[in-house]
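I have placed the structure first, in the form of structure tokens, so that the comments after it can refer back to it.
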Amino acid sequence: MDFTFTEDQQLFAEAARSVLTAEVTADRIRDRWSTASGLDNPLLQQIQELGLLGMLVPEALGGLGLGQEDFVMMAQTCGYVACPEPIAEQAMVTAPLLVDVLDKGLGHGSVQKALDALQGGALIATGHPINPFINFAEHAEWFLLGHGEGLYLLPADEVTIKPCKSVDPSRRIAEVSFEANDAHCLAKGESGAALWRATLNRGALSSAAQLVGLAQAMIDQSVQYTTDREQFGKPVGVNQAVKHLLADVAVQIEYAKPVIYRAAYTAEISPSRADLAVSHAKVAAARAALLATRHCIQAHGAMGYTWECDLQIWVKRAWALAREWGDEGFHKNRIHEWLLRPNALLGPDLTFGRGSITDSVAA
């Protein structure tokens, strides 16, 4: 079995990476903190022109028609550069939710209008019940919101926005409330619950991929710092105590990556098994990223937490994303529920191999 990414996938990811690494720097992130919107609109325009916002939208609807396996590498890059713009959320969460509604023949003409607006660069916000704080809500043109098991699509003038403060100054989060009525309802009952469940998995997978990117960036910054910083005539990085701190994080990152890739593949071809795979990915990625925040701050001599040091940008983003789309307790509970089922499909023959996932769907 070959689980590596194809050459086309790698080339596409490299194209996205070259844009993001060139345009999203620590200095430009800091500049956003003092602006009213907190957004870099020229960057959003570039992303829109590349078609990244419509990665998971079928070609028939104007998108690129790619899959979640293609997306995770781009999400990792968004995390690696600590991109403030909600590119991953738009491409991975909101766009597929709108496509699902269209595929099921639900909703009304506003769904297609919202999808077209998203691919044109407009912000369409999604507020899942487990994730009530919406990033950049004040700049969204449409909102996908939940009430019970119902899914509602509302224009911006139909919602009430209450700004909140985040630990990460790059995030402009807000609580959004609205009056539920049938005119804006897209789905209720089982249909609504199924759409929200798929959205939760996509959101958690997006956060997991970004967390791994954040962890890798923190490691790279700490390696550079401990190489440049000298004490008693030698780089502090030569000390084994420092090496072990960073090595522990590197190991956790390498363990988390294949779990995330497996979750993306599972969610793509066997949504019935996505809960287990995605929750495993979110737990593994969050643990790697949170370990990176502790050890990398320590490798910086604790100055990594200070406002002047760039590392704190990545640390605070990791703190925020670790709890977004479900914290560790929520996802561990989902894993436990799956494993304790009477007919749980366990064992290496049902865990590894591309055929094993599809062969076991019926159970």
So, in the range 13-28, of the ones that are in a helix (DSSP H, G or I) and under 18 Å from the mean Cα position of the chain (by Cα), which residue ends up nearest to Glu69 (Cα to Cα)? Ala13
I need a count of the residues in the range 301-337 that are closer than 16 Å to Ala284 by Cβ, among the aromatic types (Phe, Trp, Tyr) and crowded, with 23+ Cβ neighbours inside 10 Å. 1
Kindly list, by first and then second residue, each pair from a residue in the range 283-300 that is open to solvent by less than 30 Å² (accessible area, probe 1.4 Å) to a residue that is outside any helix (DSSP H, G or I), limited to pairs with Cβ atoms under 7 Å and residues at least 6 apart or on different chains. His300/Cys309
Out of Asp70, Asp40, sole residue that is crowded, with 18+ Cβ neighbours inside 10 Å and in contact with a Lys or Arg (Cβ under 7 Å, 6 or more places away or on another chain): Asp40
Looking at the range 49-89 only, could you name the residues that are more than 21 Å from Ala209 (Cα to Cα) and in a helix (DSSP H, G or I)? Glu49, Glu59, Ala60, Leu61
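Listed here are the residues, each with its yes/no results for (1) without any contact (Cβ under 8 Å) to a residue 40 or more places away in the chain; (2) within 30 Å of Ala274 (Cβ to Cβ); (3) small (Gly, Ala, Ser).
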site: Leu205; (1), (2), (3): no, yes, no
site: Val212; (1), (2), (3): no, yes, no
site: Asp228; (1), (2), (3): yes, no, no
site: Gly233; (1), (2), (3): yes, no, yes
site: Ala241; (1), (2), (3): yes, no, yes
site: His244; (1), (2), (3): yes, no, no
The one condition Leu144 fails out of (1) open to solvent by 50 Å² or more (accessible area, probe 1.4 Å); (2) under 24 Å from Gly105 (Cβ atoms); (3) touching a Leu at 6+ places or on another chain (Cβ under 9 Å) is (1)
Meets criteria (among the aromatic types (Phe, Trp, Tyr) and either touching a helix residue (DSSP H, G or I) at 6+ places or on another chain (Cβ under 7 Å) or open to solvent by 10 Å² or more (accessible area, probe 1.4 Å) (or both)) for Phe178: yes
Does the range 208-230 contain at least one residue that is surrounded by fewer than 21 Cβ atoms within 10 Å (Cβ to Cβ) and over 24 Å from Ala82 (Cβ atoms)? yes
Output the strands (runs of 3 or more DSSP E) that fall wholly within the range 102-175 and possess 2 or more residues being farther than 22 Å from Gly189 by Cα, or say none. 123-127, 133-135, 140-147, 159-163
Quick test for you: out of Leu115, Leu102, Leu123, pick the one residue that is open to solvent by less than 10 Å² (accessible area, probe 1.4 Å), under 25 Å from Pro58 (Cβ atoms) and without any contact (Cβ under 8 Å) to a residue 60 or more places away in the chain. Leu115
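Being over 22 Å from Ala274 (Cα atoms) and either in contact (Cβ under 8 Å) with a residue 40 or more places away in the chain or in contact with a Pro (Cβ under 8 Å, 6 or more places away or on another chain) (or both) narrows it down to one of Glu158, Glu175, so name that one.
Working: Glu158 fails: either in contact (Cβ under 8 Å) with a residue 40 or more places away in the chain or in contact with a Pro (Cβ under 8 Å, 6 or more places away or on another chain) (or both).
From the options Glu158, Glu175, the qualifying one is Glu175.
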Considering only the range 1-32, state which residues are at pLDDT below 90, charged (D, E, K, R) and closer than 18 Å to Leu214 by Cβ. Arg17
Among the numbered criteria (1) under 18 Å from Ile47 (Cβ atoms); (2) buried (at least 24 other Cβ atoms within 10 Å of the Cβ), which single criterion is violated by Tyr152? (1)
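The values are calculated or read from the model by the stated rules, or taken from the named source; none is laboratory data. Computed from a predicted model, the values in this text were never measured in an experiment. Methodologically, a virtual Cβ is constructed for each residue, glycine included, from the backbone with ideal geometry; neighbour enumeration extends over all protein chains shown. The protein model used for the area step is the full one, side chains on, heavy atoms only, and it has no ligands, DNA or RNA in it. Shrake-Rupley method; radii C 1.70, N 1.55, O 1.52, S 1.80 Å.
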